[in-house]
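The values are calculated or read from the model by the stated rules, or taken from the named source; none is laboratory data. Since this is a predicted model, take the numbers as computed values, not measurements. Note: ideal-geometry Cβ built from the backbone for every residue, glycine included; neighbour counts use all protein chains shown.
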Amino acid sequence: MCTGAQAQTPDSTDRRRPPADSLATARSRMMADSMLQSNDSLFYTRFKQNMYKRRLTRQLYDALFRDVYNSRSRTGEVSTIDANPFAEFEGRVIGTIHIRRLDVFGQSVYDTLRQSRNWVERVASSLHANTREGIIRRSFLLIREGDLVDPDVLKDNERLLRTTPIFHDARILVVPRPGSRQFVDVYVITQDVWSLLPGGGFGGLNNFSIELDQRNFRGVAHQLYNRFSYNTTRPGQKVEYQGRYAIPYVNILGVRTFLTAQADFIYLRDIKQMSFKLYRPFITPDTKYAGSLELNNTRLNSRYFDERDSARFVGLNYNFLDIWIGRAFRVNWGGSDALTRNRLVIAGRVTRYEYLDRPPVTADSNQLYQNSRTALFSVGYSQRRYVRDVLIYGFGRTEDVPIGSLVSFVGGIDNAELGERLYTGFNFSRGQYLRNIGYLYGLVNVGGYYRSAKVEQGVFSVIGNYFSPLHKTTWGNMRHFLNVRLTYGTHRFNNEFIMLSGREGIGINNDALRGTKRLLIGYENVLFSKLDVAGFRVAIVTFANFGLVSYPNRLLVQSPLYQAYGIGFRFRNENLAFNSFQFRLAYYPNIPNNRNEIRYNFEGISGLRFRDFDIAAPEIVPFR
């Protein structure tokens, strides 16, 4: 992988490169990276030749397909994934910070000289307002001119830019200043995503919707979402609206606060909500303070199942308050670099639910709708680093895979309407690359309330995720994914259950697939193919899902084994802000009522994210 020009160090001036071999060297290496990996496959070449034999098919090919080897998504771009390219510059003084903002389409942070392939991309790039240079400097950089080079801070800053939704990719280069043993210059290269996404649907003047999602309003990084719909064909509310405005990493009087402010207004048929949230996570291991403040009023129709197992709705109206703050301390446990990466985190949290409208609450019914004030306190130990890789959840962009571990203890008091009770919880997680085997992640959660020496709303859960190394095939690069999720609920309130259906289950919606215990095993084989359809990369997915679900009166292993098998095609353009699209064909041999079905759907899917090892707000172990 290209890491920029080679560094000089104060004690090795005899090995210094000539001053001219600086930025030019970095650029030439980026071009070499691109050229060395532009070998076409025999399959793709023959396909292109066959399409070019006739005028009509040639025009169709030019309109829909793109030579994948001219795209930026190649595994070789991140070949030395464990290396920190800034280590050799440690202790040098940062002179000038240069910001280079690339076009949305055509260019790449690994090859800034690449050009757009057609006039459509050039026009689209010209219509997009790139994130302003001042916004990048004030809100997204962890460094300033005059700072000493800290390799971990620069690597964290690169990751921070890449994980921010407005950026497609980012890269930081450190270049020795010609004629100086002390100073280096820093080049920050960013590439935005296409941030404007219009949408909607039209079924006539009495049934239509309009949607506008702007992820980077006028280049100032503000996010604006609006959706309006009108439908007179259904009973009840005819007009619906949903809006959000978010300002990431608010800068106050030149101070980088890394606070994000977000306001939501929802006016839908089954939910109406006004909310405001101000939050700051532990974005890097060096972040000392984190916290959030959230206020909202919510009115909704909540679904539950009555004593005859029939779905019913109940109207709710409540105010919600949530405040938490955390402090991280450096600890020197577990290795030579533990002082800079490992943290002990202490945090406190207060939440309050105040119901204005609800069904009657008794000790035997509707306990979920109690007025409550909960105070939680947590102590946790976090060890985290990040490794760069590609073609995992993304379709070619650089992905930062967290490695490390986390252990935390949570305790508190729930001053609920039906009586005060104590809460304790524990969680442990670890993720690591295993040499020649792949990446393995595990999470164990256990928690519950205690009142009169009895457990209430207890939960035990285990989550395991694995993905294999990248395998090269004639058709493209391939990975295997395996996900396991076990959840056990004990002494849960009435009408509390978890589902085996939906996206987090076997992929089908069915009210019979519910209980208080669940085991879900999912396997996927993802082939990142060589096809590029109208700028969208194509991944071919084959999958198999297996699930068990039951209530306390029956052992989980005695439940029917529900299954799903199928194939899917995912499409994504990494330069666009909106979700991936997926066409999925699935066979269900034994869904409830002893039926087997073949179902298909075409839907947008949100981008998957890695589970990190940063400690956030103290929380109740979720029952889901």
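Here Val184 meets each of (1) in the same structural domain as Leu141 (by TED's automatic domain parsing); (2) β-branched (Val, Ile, Thr); (3) closer than 14 Å to His128 by Cβ with one exception, condition (3). Only a single criterion out of (1) more than 30 Å from Ile210 (Cα to Cα); (2) buried (at least 19 other Cβ atoms within 10 Å of the Cβ); (3) among the hydrophobic types (A, V, I, L, M, F, W, C); (4) in contact (Cβ under 8 Å) with a residue 40 or more places away in the chain is not satisfied by Ile166, namely (1). Tally time: how many residues in the stretch 478-510 are of a type in the set (S, T, N, Q) and at pLDDT 90 or above? Adding up the residues that qualify gives 3.
Looking for whichever is within 27 Å of Tyr450 (Cα to Cα), aromatic (Phe, Trp, Tyr) and surrounded by 15 or more Cβ atoms within 10 Å (Cβ to Cβ) here; the options are Tyr386, Tyr353. Which one fits? Spell out the reasoning first.
Values: Tyr386 fails: within 27 Å of Tyr450 (Cα to Cα).
Step by step, each of Tyr386, Tyr353 is checked, and only Tyr353 is within 27 Å of Tyr450 (Cα to Cα), aromatic (Phe, Trp, Tyr) and surrounded by 15 or more Cβ atoms within 10 Å (Cβ to Cβ).
Of the numbered criteria (1) at pLDDT below 90; (2) within 26 Å of the chain's Cα centre (by Cα); (3) on the phi < 0 side of the Ramachandran plot, the one Leu513 fails is (2). Within the stretch 389-401, the set of residues being in contact with a Gly (Cβ under 7 Å, 6 or more places away or on another chain) and surrounded by fewer than 21 Cβ atoms within 10 Å (Cβ to Cβ) comprises just one member, Tyr393. Limited to the stretch 336-376, what total is found for residues that are within 30 Å of Arg159 (Cβ to Cβ) and among the hydrophobic types (A, V, I, L, M, F, W, C)? Here the count works out to 7.
Within the stretch 483-494, residues that are assigned to a loop (DSSP other than H, G, I, E, B) have Cβ atoms under 6 Å from residues that are at pLDDT 90 or above in these pairs: His491/Val455; His491/Glu456; His491/Gly458; Arg492/Gln457; Arg492/Thr516, counting only partners at least 6 apart in sequence or on another chain.
Got a number for residues in the stretch 545-597 being in a strand (DSSP E or B) and either of a type outside the set (S, T, N, Q) or within 25 Å of the chain's Cα centre (by Cα) (or both)? Working first, answer last.
Initial filter on the stretch 545-597 (in a strand (DSSP E or B)): 545-550, 562-572, 576, 580-591, 595-597.
So of that shortlist, the ones also either of a type outside the set (S, T, N, Q) or within 25 Å of the chain's Cα centre (by Cα) (or both) come out as 545-549, 562, 564-572, 576, 580-589, 591, 595, 597.
The total comes to 29.
The single condition among (1) at pLDDT below 85; (2) assigned to a helix (DSSP H, G or I); (3) closer than 20 Å to Glu158 by Cβ that Asp82 does not meet is (2). More than 27 Å from Lys472 (Cβ to Cβ), assigned to a strand (DSSP E or B) and in contact with a strand residue (DSSP E or B) (Cβ under 7 Å, 6 or more places away or on another chain) - does that describe any residue in the stretch 386-400? No - not one qualifying residue is present in the stretch 386-400. The single residue among Gly507, Gly431, Gly476, Gly438 that is within 30 Å of Gly348 (Cα to Cα) and in the same structural domain as Leu585 (by TED's automatic domain parsing) turns out to be Gly431.
Examine the stretch 274-283 for a residue that is surrounded by fewer than 15 Cβ atoms within 10 Å (Cβ to Cβ) and either at pLDDT 90 or above or more than 29 Å from Ser365 (Cα to Cα) (or both), and state whether such a residue exists. Full working, then the answer.
First, pick out the residues of the stretch 274-283 that are surrounded by fewer than 15 Cβ atoms within 10 Å (Cβ to Cβ): 274, 276.
From what's left, either at pLDDT 90 or above or more than 29 Å from Ser365 (Cα to Cα) (or both): 274, 276.
Yes, the stretch 274-283 contains a residue that is surrounded by fewer than 15 Cβ atoms within 10 Å (Cβ to Cβ) and either at pLDDT 90 or above or more than 29 Å from Ser365 (Cα to Cα) (or both).
Per-residue answers, yes or no, for (1) assigned to a strand (DSSP E or B); (2) over 23 Å from the mean Cα position of the chain (by Cα); (3) closer than 30 Å to Arg537 by Cα:
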position: Arg384; (1), (2), (3): yes, no, no
position: Ile403; (1), (2), (3): yes, no, yes
position: Val407; (1), (2), (3): yes, no, no
position: Asn415; (1), (2), (3): yes, yes, no
position: Arg430; (1), (2), (3): yes, no, no
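Please specify each residue of the stretch 531-586 satisfying the condition of being of a type in the set (Gly, Ala, Ser) and either free of Cβ contacts under 8 Å to residues at least 60 places away in the same chain or out of contact with any Gly (no Cβ under 6 Å at 6 or more places or on another chain) (or both). Residues satisfying the conditions are Ala534, Gly535, Ala539, Ala544, Gly547, Ser550, Ser559, Ala564, Gly566, Gly568, Ala577, Ser580. If the condition is being small (Gly, Ala, Ser), touching a residue at least 24 places away in the same chain (Cβ under 8 Å) and surrounded by fewer than 17 Cβ atoms within 10 Å (Cβ to Cβ), then the stretch 439-482 contributes Gly464, Ser468. Asn436 falls short on exactly one of the conditions (1) outside any loop (DSSP other than H, G, I, E, B); (2) more than 23 Å from Val361 (Cα to Cα), and that condition is (1). For the stretch 495-523, a residue qualifies if it is assigned to a loop (DSSP other than H, G, I, E, B) and touching a helix residue (DSSP H, G or I) at 6+ places or on another chain (Cβ under 8 Å), and the qualifying residues are Asn495, Glu496.
Check whether at least one residue in the stretch 193-204 is part of a strand (DSSP E or B), in contact (Cβ under 8 Å) with a residue 24 or more places away in the chain and closer than 23 Å to Val250 by Cβ, and report yes or no. Looking for residues that are part of a strand (DSSP E or B), in contact (Cβ under 8 Å) with a residue 24 or more places away in the chain and closer than 23 Å to Val250 by Cβ, one finds at least one in the stretch 193-204, hence yes.
Being among the hydrophobic types (A, V, I, L, M, F, W, C) and farther than 28 Å from Asn342 by Cα is the filter; apply it to the stretch 356-383 and report the residue that is surrounded by the fewest Cβ atoms within 10 Å (Cβ to Cβ).
From the stretch 356-383, those among the hydrophobic types (A, V, I, L, M, F, W, C) are 356, 361, 363, 368, 375-377, 379; that's our starting set.
Imposing the further condition that a residue be farther than 28 Å from Asn342 by Cα reduces the set to 356, 361, 363, 368.
Numbers: Leu356: 10, Val361: 17, Ala363: 7, Leu368: 17.
Top of the filtered list is Ala363.
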